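> Have a look at the structure that comes next, please.
The values are calculated or read from the model by the stated rules, or taken from the named source; none is laboratory data. Quick caveat, the model's predicted, so the values are computed rather than measured. Using ideal geometry, Cβ is built from the backbone for each residue, glycine included, and neighbour counts are taken over all protein chains shown.
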Amino acid sequence: MAGEPFWRTKSLEEMNGQEWESLCDGCGKCCLVKLEDVDDGTISNTDVTCFLLDTVTCRCRDYTRRFERVPECIRITPETIASLLAWLPGTCAYRLLHEGRDLPDWHPLVSGDPDSVHRAGVSLSNRVVSEADVADEDLPDHVVDWTV
C-alpha cells in the first residue's frame, strides 16, 4: 500500500541506519540497571539507570561513545534482538516489530511528537535515579515491580 510507514513495509533487517535509530522511542527503559537471579535467571528491574542516561529527557548523554564508556551497554541489532527479548521492555519498538506487532499511538514515529512517550507515561522521565548515586550493595533495595 502506498504511503505506508517504513516500519510496516520493511523488516528490521531491511531498515537503513536512520530508520533503525528512529525506532527508539526515548523511554529510557533499556538503560535500567537490571538484576539477574543466579539461581533461576529471573531478571528484576530497578529504578536505577546507567550513569549516562539523562533522567529527565531519557536520552544518553554520550550516545556516540556509549560502548566505550559503558562496556556492558548492549547493542540492539537485528541479529541480537532475539537473544534480548527477556531483557527488552514490552513497549520497545524493536521488540514489537520483531514480534510482528505495530507501534503504539504514543510512539514518536506515529504521533509525530518526540515528547508523546513522556506524556503517555511510558518513559522513565523523573522516575529514576542514576547509578552514580546508588552503591552496588544497595541495588536490591531499588528493585521495582513496574510493567516495563
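> Here is a list: R65, R61. Which entry is of a type outside the set (D, E), over 26 Å from V144 (Cα atoms) and modelled with pLDDT of 95 or more?
When all the criteria are applied, what remains is R65.
> Can you pull out the residues in the range 111-132 that are in a helix (DSSP H, G or I) and in contact (Cβ under 8 Å) with a residue 40 or more places away in the chain?
Scanning the range 111-132 gives V117, H118, E131, A132.
> Hey, another quick one. Kindly provide the set of residues from the range 42-73 that are farther than 21 Å from V134 by Cα and either surrounded by 15 or more Cβ atoms within 10 Å (Cβ to Cβ) or not hydrophobic (A, V, I, L, M, F, W, C) (or both), ordered by number.
Passing the criteria: T42, Y63, T64, R65, E68.
> D39 fails exactly one of the following numbered conditions: (1) surrounded by 14 or more Cβ atoms within 10 Å (Cβ to Cβ); (2) under 25 Å from H142 (Cα atoms); (3) at pLDDT below 95; (4) of a type outside the set (S, T, Y). What is the number of that condition?
Going through (1) surrounded by 14 or more Cβ atoms within 10 Å (Cβ to Cβ); (2) under 25 Å from H142 (Cα atoms); (3) at pLDDT below 95; (4) of a type outside the set (S, T, Y) one by one, D39 breaks only (1).
> So which residues in the range 25-81 are out of contact with any Asp or Glu (no Cβ under 8 Å at 6 or more places or on another chain), of a type in the set (D, E, K, R), without any contact (Cβ under 8 Å) to a residue 40 or more places away in the chain and within 28 Å of E13 (Cα to Cα)?
R59, D62, R65, R66, E68, E72, R75, E79
> Going residue by residue through the range 90-102, is there one that turns out to be more than 15 Å from the chain's Cα centre (by Cα), in contact (Cβ under 8 Å) with a residue 40 or more places away in the chain and assigned to a loop (DSSP other than H, G, I, E, B)?
Checking the range 90-102: at least one residue is more than 15 Å from the chain's Cα centre (by Cα), in contact (Cβ under 8 Å) with a residue 40 or more places away in the chain and assigned to a loop (DSSP other than H, G, I, E, B).
> I'd like to verify a number: residues in the range 93-137 that are within 15 Å of L35 (Cβ to Cβ), acidic (D, E) and touching a strand residue (DSSP E or B) at 6+ places or on another chain (Cβ under 9 Å), how many?
Final tally of qualifying residues: 1.
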